[in-house]
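Notes to accompany the following structure.
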Amino acid sequence: MKVKTNQALFEIATDYYYRLQEPDITTEEIQQWQEWLVKAPEHAQAFKKVESLMCITASIDEMHWPDERELMDDDYDGSVSVAKWNSKQNSLFSKIKNKARAMNIRALDFAPAYLRFSVTAAVAFILVTTIFYFNLNTQSEFVYQSSKGENLPIILEDNSSVTLGADTKITVRYNKNARHIELEYGEAYFDVAKDPSRPFTVDSGSRSVTALGTEFNISRQSVRSVVTVTEGKVIVEPENDRYVARMTSSVFYKKLKTDAFLEAGQSIEYDKNEISAVETVDVQAQTSWRNGTLKYLDESLGFVIEDINRYSSIPIVIDDPRILKFRYSGTIFVEGIESWVQSLPYIFPVQIIDNNDAFKVDLQAQSEIGVPQVLTSLLDGFSPQSC
């Protein structure tokens, strides 16, 4: 597919903008516009620029067209260009303008008709041109959000790719010096395009993950984030002490205050107070969600349920915090979540109450199931983690 120039995209976006203002626009045309927007990030960027420009130009006073009297008062004879004529009149106009400022009157009210028209047109042109190029060269911001139960692949403006897991939201902010993303909730896999002059940083919870030419996965849950690197290297550090990544002679350097330095095949998790040690993990299992499976090894059931609720059409509710402490190992197929929930009583001392709009997981009475002593001790000694 041939890549369209900025000018061509800007023209298409402008056509869509004006068509959307028409009262007779059809549903099919609106759908075409929406489909065009999501085809590429550049389309949405161009349309956003057009909207910004139109808002600015709409705020400019309507241009005054000269009447017959004003034309008679206008002594411009056409012997030279308007620019030269304006320059000759500049000193006089300046005097009028300064006098008007002192009297708190708009100088344009005293200017000849042609000058009022040319100045207004010039201001509008400069505003449009300046804003268009200013927007191209300053920070851009876009929000992407996936729906529950569906993963969403995205290509960013630098050709980095991001796959959002179900029910995930990110905010992307790019400028000429940095690429910054905030993972607000959910899970995302990043395949970063190399650009040593612009560090690629992802904020998740209390820390930032900075990378160059890297592929990594971040899961942000209610009280923790988990970072897993599948290729390359990343730095994980406190958000308020963000590392500016750099590559020199193919060596990745880090600051002394860096919390963690991860390479391919390694993972780390943290909350707002603590960060774990770096561990070697099965990265295929950690990123299996991209293929429709959720794999866990000795994981807290509470975190497992939190993940599943992003994919399940029926929420799973746990009122008893002791259940969250159970440990789970196994594979869950996204297409078979309901069957997995119904199998929980065969794994843990729980019962499932299906009330149509939710699956409620409760503990069974010990007299009914004979909870092992070791399990009873775990439950009795458990206290909910403070947020």
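The values are calculated or read from the model by the stated rules, or taken from the named source; none is laboratory data. Computed from a predicted model, the values in this text were never measured in an experiment. Just the protein is used for accessible areas: all its heavy atoms, side chains included, with ligands, DNA and RNA removed. Shrake-Rupley method; radii C 1.70, N 1.55, O 1.52, S 1.80 Å.
Pairs with C-alpha atoms separated by more than 28 Å, drawn from the list 233/295; 176/272; 48/295; 148/233; 49/169; 48/176, are 176/272; 48/295; 148/233. Our analysis of the stretch 158-215 gives Rg over Rh at 0.94, with the two radii drawn from alpha carbon positions and Rh computed by the Kirkwood formula.
For the residues 280, 293, 214, a 1.4 Å probe over the protein chains yields an accessible-area ranking, largest first, of 280, 293, 214. The figure for residue 303 is an accessible area of roughly 40 square angstrom, using a 1.4 Å probe on the protein chains alone. Taking only the C-alpha atoms of the stretch 295-338, Rg followed by Dmax gives 10.2, 28 Å. Reducing the stretch 154-180 and the stretch 257-289 to their Cα centroids gives an inter-centroid distance of 21 Å.
Each of 289, 33 has its accessible area taken with a 1.4 Å probe; listed largest first, they run 33, 289. Determine the shape class of the stretch 138-242: with a ≥ b ≥ c the square roots of the Cα gyration tensor eigenvalues, call it rounded for a/c under 1.5, and otherwise prolate if a/b is greater than b/c, oblate otherwise. In terms of gyration-tensor shape, rounded.
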